[in-house]
Every structure is written in structure tokens, then in C-alpha cells.
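Participant: Below is a structure I'd like to ask you about.
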Amino acid sequence: MIPSDTITKIQDAIRIEEVIGDFVSLTRRGASYMACCPFHNEKTPSFVVTPSKGIFKCFGCGESGTAVSFLMKHENMSFVEAMKYLGKKYHIEVKEKEETAEELAQRQRTESLMIANEFAANYYAEQLKAGEGRDIGMAYFKSRGLEEDTIRRYGLGWSPSDRFALLREATAKGHKEEYLVECGVLIKLEDGKVYDRFHDRVVFPIHSVSGRVIAFSCRTLHAENKAKYVNSPTTPLYSKEKALFGIYFAKSEIAKQKKCFLVEGNLDVISMHQKGILNTVASCGTALTSGQVQIIKRFTGENGTVTVMYDGDGAGIKAAVKAIKLVLQEGLNVRLVLLPGGQDPDDFCRRNSLEQVQAFIDENEQDFITYRTALLSQQAADDPIRRADLINEIADTIACIPDPVKQSVYLQECAKKFVIGEDILRARMLTVIQRMRLEEQKQRERQNSNAPLPPDPDDPSSYSGDPTSYPGDPTSVIPGSTGNPSRRTAPKRMDKLVVAERSILSYVLKYGRDLMHFPITSHLYRAGEEPYSVFEFIDGCLVGDGIAFSDPVIKRCYEAYGVLFDAGEPQEIIQKRLMEGSDREVAELAEQLIIDRYALTMEALLSSMTSHQTLLVKYVPEELIKYNIVLLQKKRNELIKALKGAEGKQTLEEIAKIAEKIKKLKEEIKNLN
């Protein structure tokens, strides 16, 4: 575990826009930053980073949190890993104190998978220094024009032809076989034999956005071997559909230029980088996927450009056509470059200077309409059926563009180039759009077919959706929030008591230091006394009634707030400490209750016109009374279950007294309104 004083130092140093900006291309909007959400697929930015509060929030999917929770969710880090990452980023030494056996085992399991990949990467890189690694692997890389600094920077390596060599080295250095198998470096057969998946191949490590080695792409140098490349399988650390070769080295330049060059091969990326065109990436041994385009979009921003530079052969052209559609669907601009003489980017970079490469790109970049026109003249100049098919394909591609202005411009350009009526193309495009919308509607209906029934507003226990948007929760009445989510999860049904406790805690976490100025007409007004803060008022009521929260996480969160409150910490600091603390159950609960989960609606805007103090003096006492009612109802139900025998008369009297108390409390709520 990390000492609390170290955690506090890191929390104080964090600038959330800097942390998230390492992974997402942020655009400043006033005091906040905007981006397309990295947690779901969207075309219009709804992901907001607010430095003043130290939080992020997506108004599309509802994902929210702090810099720490962003790293944990986005990079699949543990809390300790996130703290170490931030400590390194802000030059703060992180020393861990003793962990429990369970915590240690869980952390080591995750770290062991990373260590296994790191060991393999270092082992392969070392092989280039001697023996067959130097004679074959290093010789191959140099024959492809790679400099030693480049080879070292990208961690390139060689896997020996002896398929058991890596296992022997791993065993000798104390690395466990099971982790190397789980990471996909080793293959284990049914008969128990274990060997190197990548033996007798040059090695290209694949890095995550944060620079960790998560997989490998390995090439054979034997022409007779039909499996030219062997890549890592899907593992807990790697999914090829969501990884891009070179992204770690390219992300800063992509964000700077708002532009990304997309190529096909590993060597294409490295040669482009070595030449000085750093904003270049490639898909990892697979056709381009929407997940990969979304990664690019994080750094280019919503109006960024992707320039496709695939091989000029038939397969390359086919792949480029598919890539165009995916890029356009994400709302990005797309350009294409056809290299001369069937060359790939690696060939072209090795044969030309940086100035020549850049000049060629500038002169030959073209939009996809021009690109398809060139294909049409080559493939279907004298074939009317094929010509019609290609024009239809272009219209279908234009239909994928989310921006209606861009759609219209492309339609006009297409009609002009192919000498065809714009109304005909528009009719085709609208038909495709209608078909796409119907399919989306069917998909939504399938997803909602098992949706839960709406909750009873008078019964919190009937609510099975997001607890923070329950009608009785303060986020539905305090300015700046709403109970109309654009996307909603459905956790387990919550007990009435837990719902009430969450409601009270949310007032504490959001408004704990705000003062409650009761009007003179209120029975809670105390002449000559200083007004209570929200936390002092709530705590006084709970202590006075001898009530302690029943839910253990809510109780820990409330008590942690109290400690920081008594220490004199400002409300914003208390919120930050709780949301970024080592007790992740408390942190997640604090995030849920502190961060407004959904976008501001007109109803919430009208609510915000009501005095903030008026809302607090009305709803805080009301929530406490409701909590008392729930406690009494629970006690009444327990008595009813126990009702029997000679004690029946006495129990009935107690039930009657409770019913009378509940009635009085409900009357008190009416008097507050």
C-alpha cells in the first residue's frame, strides 16, 4: 500500500487536463476542455474535463471520475499502478507500505503479466547483439534501412530458431511459465510441451498508448513460410481491434498536427517515423476497425484528418476503400495518397528524402471522391454496370458521413465528376440513410426488449436503475443536474434504507460546508445563533437520534468526510481526497454522488433559478425526515413478522406507536413545503 502522505502529495500535484491529455486530444472550451469520449463511440464531443473541479464527465454515456479513476478505467490500471504512474509523471517518489496478502496477490497477478511481456521484449532485443540474432535479425533490419537508434527506440528484436530458448532463459531468471503462456508469448500443447510462439522471426513489440509492451508482431524471413506474420493472440493486456502499431510514439505529433497517416505495415510506420513523419500508425495485423479509428480520433480531435497510405496493389486498394468508410463514419476527414510504381511507404521513404516525401504527399493527397474517380477510370471505363456499381458505392459511402454539410458538398462533387444528376445520388443516399436508421432502431429495440419497468416514485425500493438519478435523490432537484439520462445502467435493486442513506450522503458530499439560513418563519430558525453548515446540521440530527448508517461503504465515506471536515479542509479538497483515495469503494461512491451524471436540461435550468439556500433548507431536513420514516417502516415490518403468541398485544401497541410517528413525520414534510 502507498502511504497516505504520498497519496496526498500526488493528489495535490495532479492536473487532470495534463493526465487525460496524454491519452485524449482535448480542445479548450472556456474554463473546461472537450473531446470525443474515449469510453464509447460518438461523433459529437460530449466528454468534458473540468480542471477547477479535477473531474471528467461524459454527458453521452455517463462515465465520470477523476484523473486517478480515468487511468484505472482507460488504462486498466490498479489504484497502486495509477499512483505510481502519476508519481513518475510529477516526479514524486512512491514507496509502498505493507499490503494484505489478498491485495498483494491481486496486484502481483496483474503486474506479472506486464513483467512477462517486458521480459520477452528485453530478451528478444538482446538477441540482436550476438549469434543468429545479429547475423540474421540485425542484418535484416539494417537491410531495410533502419538505424541502430531506431531499432533500439522501438525495441525491435529476434526470436531464436530454437523454440525452447526463451523458456529456458525465463526459467533460469525465475519467470513463471503460466504468465508467459497467458500473455501469448509461449504456446502450451495438450501434451504439456511449451515453446516460443514467435521462434525464428524478427520481433516488433506493440505498445499501448501509455508505452507499455502489450503484444508482439513477428515476421518470418523464410519465403516458403506462408505465415508471414504471427501476432500475439487476444490476452488480458491486448486486443488487436483496439490497438495501433506505433501509437505511443505517434500520439503527440498526431495531437499537434490534428492529422494521422494510416499505413499497413510495421516497417511502413517505423520508416515513416525514422524519416521524420512521426504522426503515422498502422493497424495490428488486422483490417482497420472502428475501435482503432476511435483511438486516432482521441488525438486528432473531432475535425481531424486521416490520410490513408496503403499499398497500390489490388489488396491495398480494397483495404483503403474499407478504411475510408470507417474513418468517415467517425466524423473525421479522410484523404488518400497513392504511391508511384506499386511502392509501399517503407519503400518510398527509403528511396526519397524527407523533403521529397513531404512534397509528394502535399501534391498527391486527394479526397476519396477523386480517388474513387481514378479507380473508376481504371476499372470500369467501358463497363456501364460496373460504373453504376461504383457510383452507388460512393453514394453509400457519403451516406456514412454524419455532417450534413459535408454530405451535401461531397454529393455535388460526385455528381459533377461522374456527370450524373445530384437528385439521383441524393435519392440513393437517403435510401441508405433510412436503411441504416431502421437497423439502428431495431438494434435499440433488441437491447431494450428486456428493460426493467419504470420505478414507482413513491417507492425507492422499486427503483433498479442508477441510484443517483432516483426521483428522491437530490441530484434531481439541485441545480445543474437532472434525472433524464441519455444512457443508463441497471445495477441491482437497492434497499429503501440504502437509497435514503445515499441521498443524505450526497448532500454532505456536494454541499457539506454550505450554510443553512433558515427563514424566521421556520421552526428550525434559532435567533442569535450562527447558521449550521449542511454537514453540521445532518450530523447533529443523526447523533441526536442515535442513528448510524447501515451500509458499510456509505458509513466509511461519511466518516472520512467528517475527519477531513474537522481538519478544516475546503469542500473541493475533501471531494478530491475522497474521489482519489485508496479506499476504492468509497472513491467510486463519492464519484457517483459528487459528479452530476447527466446533461443540464431545461427543467434543471429552471430549477437552478430557485435560490440555492432555499433548496438546501427545504430538502436537507426533508431527506432526514424521509430517512427516519424508512427506519421506522423497517422496524414496523420487523415487528409485524415477529407478531405472535402472548406478546402479540404489546407488539401491536408498538406498531401503532410507530404508525403514529410515521404519520407525524409525513405531516412535518408537508409543513416544510
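The values are calculated or read from the model by the stated rules, or taken from the named source; none is laboratory data. What you are looking at is a predicted structure, and each value in this text was computed from that prediction instead of being measured. Glycine also receives a Cβ, built like all others from the backbone with ideal geometry; neighbour counts cover every protein chain displayed. Heavy atoms of the whole protein, side chains included, go into the accessibility calculation; ligands, DNA and RNA do not. Shrake-Rupley method; radii C 1.70, N 1.55, O 1.52, S 1.80 Å.
Participant: Rounded to a whole number of µm²/s, how large is the Stokes-Einstein D of the stretch 267-321 at 20 °C and 1.002 mPa s, given Rh as the Kirkwood radius over C-alpha pairs?
Facilitator: So the translational diffusion coefficient is about 172 µm²/s.
Participant: With a sphere of radius 12 Å drawn around the Cβ of residue 17, what net charge do the other residues whose Cβ falls strictly inside it have (Lys, Arg +1; Asp, Glu -1)?
Facilitator: Net of charged neighbours comes to +2.
Participant: By per-residue mean of other Cβ atoms within 10 Å, what is the highest-first order of 178-185, 258-265? Spell out each step's value before the answer.
Facilitator: On the way: 178-185: 21.6, 258-265: 23.5.
The densest-packed peptide leads the list: 258-265, 178-185.
Participant: Once the other residues with Cβ under 11 Å from the Cβ of residue 74 are scored (Lys, Arg +1; Asp, Glu -1), what is the net sum?
Facilitator: The answer is -1.
Participant: P(r) tail for the stretch 244-371, what percent of Cα pairs lie past 24 Å?
Facilitator: The share of Cα pairs beyond 24 Å in the stretch 244-371 comes to 17 percent.
Participant: Can I ask one more? What order do 405, 498, 203 take when sorted by accessible area (1.4 Å probe), most exposed first?
Facilitator: Numbers: 405 100, 498 30, 203 0 Å².
The ordering from most to least exposed comes out as 405, 498, 203.
Participant: Can you order the peptides 350-356, 84-90, 570-576 by their average number of other Cβ atoms within 10 Å per residue, highest first?
Facilitator: My ranking of the peptides, most packed first, is 570-576, 84-90, 350-356.
Participant: Using all alpha carbons of the stretch 81-229, what is the percent of pairwise distances in each 5 Å bin, ordered from the shortest bin to the longest?
Facilitator: 2, 9, 16, 19, 17, 15, 10, 7, 4, 2, 0, 0
Participant: Based on the Cα atoms of the stretch 90-169, what semi-axes does the equivalent ellipsoid have, where each is the square root of 5 times one gyration tensor eigenvalue, given in whole Å with the largest first?
Facilitator: Semi-axes from the Cα gyration tensor: 34, 18, 8 Å.
Participant: Follow-up. So for the stretch 1-134, Kirkwood radius off the Cα pairs, Stokes-Einstein at 37 °C and 0.692 mPa s: how many µm² s⁻¹?
Facilitator: Answer, rounded: 192 µm²/s.
Participant: Ranked highest first by the average count of other Cβ atoms within 10 Å around their residues, in what order do 554-563, 630-639, 157-166, 243-252 fall?
Facilitator: Answer by packing, highest mean first, reads 243-252, 157-166, 554-563, 630-639.
Participant: Can I ask one more? Starting from the coordinates of the alpha-carbon atoms of the stretch 146-270, obtain the Kirkwood hydrodynamic radius over all distinct pairs and give the value in Å to one decimal.
Facilitator: 15.9 Å
Participant: Tally Lys/Arg at +1 and Asp/Glu at -1 over every other residue whose Cβ is under 9 Å from the Cβ of residue 304; what's the total?
Facilitator: Net charge in that neighbourhood comes out at +2.
Participant: Turning to a different aspect of this structure: Order 595, 520, most accessible first, counting only protein heavy atoms with a 1.4 angstrom probe.
Facilitator: Heavy-atom accessible area, descending, gives 520, 595.
Participant: When each pair of different Cα atoms in the stretch 330-418 is counted once in the 1/r mean, what is the Kirkwood radius in angstroms, to one decimal?
Facilitator: 14.8 Å
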